[in-house]
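Some notes on the structure that comes next.
All of the numbers you see were taken from the coordinates with simple rules; none came from a lab. None of the values given here were measured: they were computed from a predicted structure. Positions of Cβ are backbone-derived with ideal geometry, glycine not excepted, and every protein chain shown enters the neighbour counts.
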Amino acid sequence: EKLQTEAARMVKDPRYKFFDFEGQFNQAGYNVLGSGQIKEAIFIFQMVADLFPDSPNTWDSLAEAYLKAGDKTKALELYNKVLKIDPNGATGENAKKMIEKIKQ
């Protein structure tokens, strides 16, 4: 809870406007995911998605974590959300591929 509160405060603080919070938090999520801590990675990716709800990349990362956790239903839901946000972009294209892969 404290991390979420502090992260939200810092993201809104104009002193940090040049810091790439989204990218750094997302990378932290992948570092944690790569170490096998799936629940913790989901927590981080959910926090990033809450902070940057219009970013298709945040939802894509969260979907990937749910897929690694074995929750295909949640992953599909999130990849479909990515498609709504970025239907013709690179992240949307990745989401289409992942949806097809999950459905096979």
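Some notes on this structure:
- Three semi-axes describe the equivalent ellipsoid of the chain; taken as square roots of 5 times the Cα gyration tensor eigenvalues and ordered largest first, they are 24, 16, 10 Å.
- Farthest toward positive dipole pole in the chain [+1 Lys/Arg, -1 Asp/Glu at C-beta], among Gly36, Gln104, Phe25: Gln104
- Summing charges over all other residues whose Cβ lies under 11 Å from the Cβ of Ala63, with Lys and Arg as +1 and Asp and Glu as -1, gives 0.
- With contacts taken as Cα pairs under 8 Å at a separation of at least 6 residues, the range 55-99 carries a relative contact order of 39 percent.
- The local environment of Glu77, defined by Cβ-Cβ distances under 12 Å, has a net charge of +3 under the rule Lys, Arg +1 and Asp, Glu -1.
- Partner lysines for Lys84 [C-alpha distance under 17 Å; skip if fewer than 8 residues away on the same chain]: Lys74, Lys96, Lys97
- Local charge for Lys103 was computed over the other residues whose Cβ lies under 12 Å away, with Lys and Arg +1 and Asp and Glu -1, and equals +3.
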